[in-house]
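Peer 1: Before I ask anything, let me first share the structure, which is written out below as C-alpha cells.
The values are calculated or read from the model by the stated rules, or taken from the named source; none is laboratory data. The shown structure was predicted, so the numbers you read here are calculated from the model rather than taken from an experiment. For neighbour counting, all protein chains shown are included, and Cβ atoms are generated from backbone atoms with ideal geometry for every residue, glycine included.
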Amino acid sequence: MARTTLSIAPVPNGNRKIQLNGNHFKSAICKKNGYHNKAQKNITSHGARPPCSKQRFQRPESFEQAPMYVAVMTYLGFGIVTLFGYFRDFLRAVGLEKCHIAREREEQKDFVPLYQDFENFYTRNLYMRVRDSWNRPICSLPGPVFDVMERVSPDHNWTFSLTGKTIDNVINMGSYNYLGFAENNADFLKTVEDITQQYGLGVCSTRQEMGNLAIHEELEQLVATFLGVESSMILGMGFATNSMNIPALVGKGCLILSDELNHTSLILGARLSGATIRVFKHNNMQSLERLLREAVCTGQPRTHRPWKKIMIIVEGIYSMEGSVVRLPDIVALKMKYKAYLYLDEAHSIGAVGPTGRGVTELFGLDPSDIDVMMGTFTKSFGAAGGYIAGKKELVDYLRSYSHSAVYSSAMSPPVTEQILRAMKCIMGLDGTTIGLVRVQQLAENTHYFRSRLQEMGFIIYGNDDSPVVPILLYMPGKVVAFSRAMLKRKIGVVVVGFPATPITEARARFCLSAAHTKAMLDQVLFDLNEVGDDLCLKFSRRIFSPRPQQHNNNDDADSQIID
Amino acid sequence: MRMVLKYLKEYLSWLYYQYLLITGIYVLEPWEQSIFNSVLFSSMAMVIYTSYVFVPVHVCLALEFLSGICGEQPESTMALIN
C-alpha cells in the first residue's frame, strides 16, 4: 500500500501538488457550486437487477419515475395555488385583507425597502396555509412512541394555541432514532447519572483552555477504535463539524467535488473554505470521473497550475433519498486520480453494516482508504455532537486549525457519557449483546418495511439497506392530507416538500428504528395501506410476486416494470 | 335503498376529496375553494352550452363541405371531356 500512503497523508501546510498527465489545454468550463435545491437530479428508473457475483458492491437502488399524469397534476396544483397566492397578495396590498406578515412602518415607506416581499412569496402563500404539519410540539421522549400536543388555529395557521390535551402513544416514524438509544430507562442511564454527579452539566470552557475532561479523551479513543482508524476528534455540534472543519482542510487553490445532494452543512463548509466547487450528479461515477479527469488535465481556471488538493465530499446515506454512496467506486477513482475523500457518515454510522460501523463496513472496505471520516452522534447514538476521524497527523492538525475545535465550547459531560455508553453497547464492551441485537433488529426492520411498502405499490427511493425510507407523494395537497391523516391515526410522520426537495417530488420520510417492534411496523403498514388507498398514493407500476419470506434477501429479481 | 344512497353519497364525497387533492385546492381556505369551484363550474357550463349549441351545426356544415368536394369531382371531369 505504499502508493496510497503517499496520497493519503495530508501535509500540514497543505502544499500538495497533484501530478499532471499530459499537456495543458484551455478549458471553457468552470462551474461554481449551484444551489442544491434545483431539480438537477438525473432520475433513472433502474429496474430490478439480477443478483450478480459482486453483490455486496451493487446493492439494488431504485428511483422509479412516476407516470406522466402525476407530474402534470403536481404542476397543476402548484400553479393554481400560486395564482391564489397572487390574488391574496393583491388583496393584502390593496388593503382588503389584514396583513399578518412583517411590514415596514408608514414613516419608513420612502426608505430602502427592509422586507423583500417577493422572496417570501412561497412562505406566505403556501407554507403558512399548511404549516400545522410541521413543528409539532411533543411532550415526551422521542422514542418509538411519543406524545404530541394538540393545537388548534383559529385563523388558518397564522397563530396556534395549545388546547392542553395531548395525543398519546403516537408511533414515531420521524426521529433519527436508528438504534433506539433515545431512551429513559434508569438502568441503562446509570453511568450517565454518575457522570453528571461527578462533572456537572456545563463545561464553561473550550477544549483548548480548561474544558478538556478525561472523558473527552476516553471518547476520542473509543471512537477511533470503533471506526478502526488511528485517531479522532470530538466536537460539540454536528453541523459545525462539517462547516468549520472543511475550511481547515481546503482553501483557495483547492478543488472540491461535491455530490449534488449534499447536506447544507457540507455546502456551507465548502463555500466558507474559498475553494473552487464543482458538483457531480448524484451517485454518478461517470460524472465524477469526468470532472476528475478534467481537473487533473486542465488545472486551476486561469493559470492552469495544478490544483493544490482535490477533495471529493460525499455522504454515507443521503437522508432525503435514502440512497447509499457507491463507496468502492469512489475509492477506486480517488486512488487513480490521487484525490482525497471526505465521507460524512451522519446517518450511516451505527445504522448500516453488520456490526454498525457504517458504510465502510457495509462494503467491506478498509477504513484507512478514506482520508477524512466524519460523523455525528445525533442519530444513532441518541446524543449530540460530531467527530472527525482519520490519521493521527490529520486529527492533530485539525485540533489546532479548525475553528470549531479551537473556539467552541467542549461537549457536555452527560452527553459524552451517553455516547460512550451507546458506543460500548454497540461494540459489546459492556458485556451484553444488546447493541448487536439492535443493529440486527434495525436491518431486519428495514428490509421488512421496505419490501412490504414496495409490494403495496408505493414508490420508494433508495437502497434496500438504508433505514431512511422516502415515500413519494408528489402533489402538494396530498402531502398535507397525508400528514394530517396519519396523525389522526396516531402515527407521526415527517413530510418534506419544496425547497428541501425538487418541486415535483414532495415526499414523506420514514426513519426506522431498532426500537420499533414488528407490531408497530405492522400497524404503520396497515394504516399506510388504508391512507394510500384513500388518497390514491400508490403510483408504482412494478408488479411484485408475493414472496414467502420477507426478511433476508432482497434481490428484487422478481419484479418488473409495467408501462 | 338507503344503503345504496349512503354508499353513493360516500363515493361522491370521496371523489370530491380527490378533486380537492389533485387540483391543490385542499390547502386553500373555504371561501377561496368556493371561488375556484364557481369559476370552474361556470367555465365548464359555458363550454358545454357552446358545444351543445354549435357543434352539431358545425359538424353538419363540415360533412356537407366534404361531401360536396367528393361528389363534384367526377361530374366536372365528365363536363370537360364533353
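Peer 1: Please specify each residue of the range A:440-468 satisfying the condition of being crowded, with 23+ Cβ neighbours inside 10 Å and among the β-branched types (Val, Ile, Thr).
Peer 2: A:446, A:459, A:468 - these are the residues of the range A:440-468 that are crowded, with 23+ Cβ neighbours inside 10 Å and among the β-branched types (Val, Ile, Thr).
Peer 1: If residue A:191 passes every condition in (1) surrounded by fewer than 16 Cβ atoms within 10 Å (Cβ to Cβ); (2) out of contact with any Asp or Glu (no Cβ under 7 Å at 6 or more places or on another chain); (3) under 30 Å from residue A:233 (Cα atoms); (4) in contact (Cβ under 8 Å) with a residue 40 or more places away in the chain but one, which one does it miss?
Peer 2: It is condition (2) that residue A:191 fails.
Peer 1: Just checking, how many residues over the range A:192-220 are under 23 Å from residue A:144 (Cβ atoms) and either in contact with a Lys or Arg (Cβ under 9 Å, 6 or more places away or on another chain) or part of a loop (DSSP other than H, G, I, E, B) (or both)?
Peer 2: 1
Peer 1: How many of the residues in the range A:339-365 are surrounded by fewer than 24 Cβ atoms within 10 Å (Cβ to Cβ) and either in contact with a Ser or Thr (Cβ under 7 Å, 6 or more places away or on another chain) or free of Cβ contacts under 8 Å to residues at least 12 places away in the same chain (or both)?
Peer 2: 1
Peer 1: Among (1) surrounded by 10 or more Cβ atoms within 10 Å (Cβ to Cβ); (2) within 14 Å of chain A (Cβ to nearest Cβ), which single condition is residue B:56 missing?
Peer 2: Exception for residue B:56: condition (2).
Peer 1: Picking from B:42, B:34, B:13, which residue would you name as being exposed (fewer than 15 other Cβ atoms within 10 Å of the Cβ), more than 29 Å from residue A:91 (Cβ to Cβ) and polar (S, T, N, Q)?
Peer 2: Just a single option satisfies the conditions, and that option is B:13.
Peer 1: Filter the range A:490-503 for residues that are within 16 Å of the chain's Cα centre (by Cα) and part of a strand (DSSP E or B) and give the result.
Peer 2: Result: A:494, A:495, A:496.
Peer 1: Is there a residue being within 30 Å of residue A:433 (Cβ to Cβ) and more than 14 Å from the chain's Cα centre (by Cα) anywhere in the range A:297-312?
Peer 2: Scanning the range A:297-312, I find no residue that is within 30 Å of residue A:433 (Cβ to Cβ) and more than 14 Å from the chain's Cα centre (by Cα), so the answer is no.
Peer 1: Is it the case that residue A:66 is under 19 Å from residue A:536 (Cβ atoms), away from chain B (no Cβ under 13 Å) and of a type outside the set (S, T, N, Q)?
Peer 2: yes
Peer 1: Considering A:406, A:415, which residue is of a type in the set (A, V, I, L, M), part of a helix (DSSP H, G or I) and crowded, with 19+ Cβ neighbours inside 10 Å?
Peer 2: Testing whether each residue is of a type in the set (A, V, I, L, M), part of a helix (DSSP H, G or I) and crowded, with 19+ Cβ neighbours inside 10 Å leaves just A:415.
Peer 1: Consider residue A:162 carefully, then state whether it is of a type outside the set (Lys, Arg) and within 14 Å of chain B (Cβ to nearest Cβ).
Peer 2: Answer is no for this residue.
Peer 1: Just one of A:389, A:384 is among the small types (Gly, Ala, Ser) and either within 18 Å of the chain's Cα centre (by Cα) or assigned to a helix (DSSP H, G or I) (or both); which is it?
Peer 2: Every option except A:384 fails the conditions.
Peer 1: Next up: Go through the range A:221-232 and report how many residues are hydroxyl-bearing (Ser, Thr, Tyr), surrounded by fewer than 18 Cβ atoms within 10 Å (Cβ to Cβ) and either in contact with an Asp or Glu (Cβ under 6 Å, 6 or more places away or on another chain) or part of a loop (DSSP other than H, G, I, E, B) (or both).
Peer 2: Number satisfying all stated conditions: 0.
Peer 1: A follow-up question, please. If you take the residues in the range B:16-31 that are surrounded by 10 or more Cβ atoms within 10 Å (Cβ to Cβ) and of a type in the set (Phe, Trp, Tyr), which one is nearest to residue A:157 (Cα to Cα)?
Peer 2: Out of the qualifying residues, it is B:26.
Peer 1: A further question on this structure: Since residue A:140 meets every condition but one in (1) within 20 Å of residue A:443 (Cα to Cα); (2) in a loop (DSSP other than H, G, I, E, B), which condition does it not meet?
Peer 2: (1)
Peer 1: Given the conditions (1) within 14 Å of chain B (Cβ to nearest Cβ); (2) assigned to a strand (DSSP E or B), report the number of the one that residue A:461 does not fulfil.
Peer 2: (1)
Peer 1: Can you name the residue in the range A:102-130 that is farther than 30 Å from residue A:168 by Cβ and of a type in the set (Val, Ile, Thr) and is also farthest from the other protein chains (Cβ to nearest Cβ) among such residues?
Peer 2: Selected residue: A:112.
Peer 1: Would you check which residues across the range A:172-181 are surrounded by fewer than 22 Cβ atoms within 10 Å (Cβ to Cβ) and either among the hydrophobic types (A, V, I, L, M, F, W, C) or out of contact with any strand residue (DSSP E or B) (no Cβ under 7 Å at 6 or more places or on another chain) (or both) and list them?
Peer 2: Hit for the range A:172-181 is A:180, nothing else.
Peer 1: State which residue is nearest to the other protein chains (Cβ to nearest Cβ) when the search covers only the range A:85-101 and only residues that are assigned to a helix (DSSP H, G or I) and in contact with a Lys or Arg (Cβ under 9 Å, 6 or more places away or on another chain).
Peer 2: A:88
Peer 1: When you look at residue B:38, is it more than 30 Å from residue A:504 (Cα to Cα) and either more than 14 Å from chain A (Cβ to nearest Cβ) or part of a helix (DSSP H, G or I) (or both), yes or no?
Peer 2: No, not satisfied.
Peer 1: Scan A:519, A:485, A:506 and give me the residue that is within 14 Å of chain B (Cβ to nearest Cβ) and either free of Cβ contacts under 8 Å to residues at least 12 places away in the same chain or over 24 Å from the mean Cα position of the chain (by Cα) (or both).
Peer 2: Exactly one residue qualifies, and that residue is A:485.
Peer 1: Could you tell me whether the range A:272-284 includes any residue that is in contact with a Gly (Cβ under 8 Å, 6 or more places away or on another chain), closer than 30 Å to residue A:416 by Cα and either surrounded by 21 or more Cβ atoms within 10 Å (Cβ to Cβ) or of a type in the set (S, T, N, Q) (or both)?
Peer 2: Yes, the conditions are met somewhere in the range A:272-284.
Peer 1: Still on this structure, please answer the following. Which residue, of A:133, A:175, A:153, A:140, is within 14 Å of chain B (Cβ to nearest Cβ) and closer than 30 Å to residue A:346 by Cα?
Peer 2: Only one candidate passes the filter, namely A:133.
Peer 1: Any residue that is over 24 Å from the mean Cα position of the chain (by Cα), among the hydrophobic types (A, V, I, L, M, F, W, C) and either within 30 Å of residue A:310 (Cβ to Cβ) or not in a helix (DSSP H, G or I) (or both) - is there at least one of those in the range A:431-450?
Peer 2: Taking every residue of the range A:431-450 in turn, none turns out to be over 24 Å from the mean Cα position of the chain (by Cα), among the hydrophobic types (A, V, I, L, M, F, W, C) and either within 30 Å of residue A:310 (Cβ to Cβ) or not in a helix (DSSP H, G or I) (or both).
Peer 1: Right, next: In the set A:483, A:466, which member is at pLDDT 90 or above, in a loop (DSSP other than H, G, I, E, B) and among the hydroxyl-bearing types (Ser, Thr, Tyr)?
Peer 2: A:466
Peer 1: Scan the range B:19-34 and report the pairs whose first residue is facing chain A (nearest Cβ under 7 Å) and whose second residue is of a type outside the set (Ser, Thr, Tyr) and outside any helix (DSSP H, G or I), with Cβ atoms within less than 6 Å and a gap of 6+ or a chain change.
Peer 2: The qualifying pairs are B:29/A:156.
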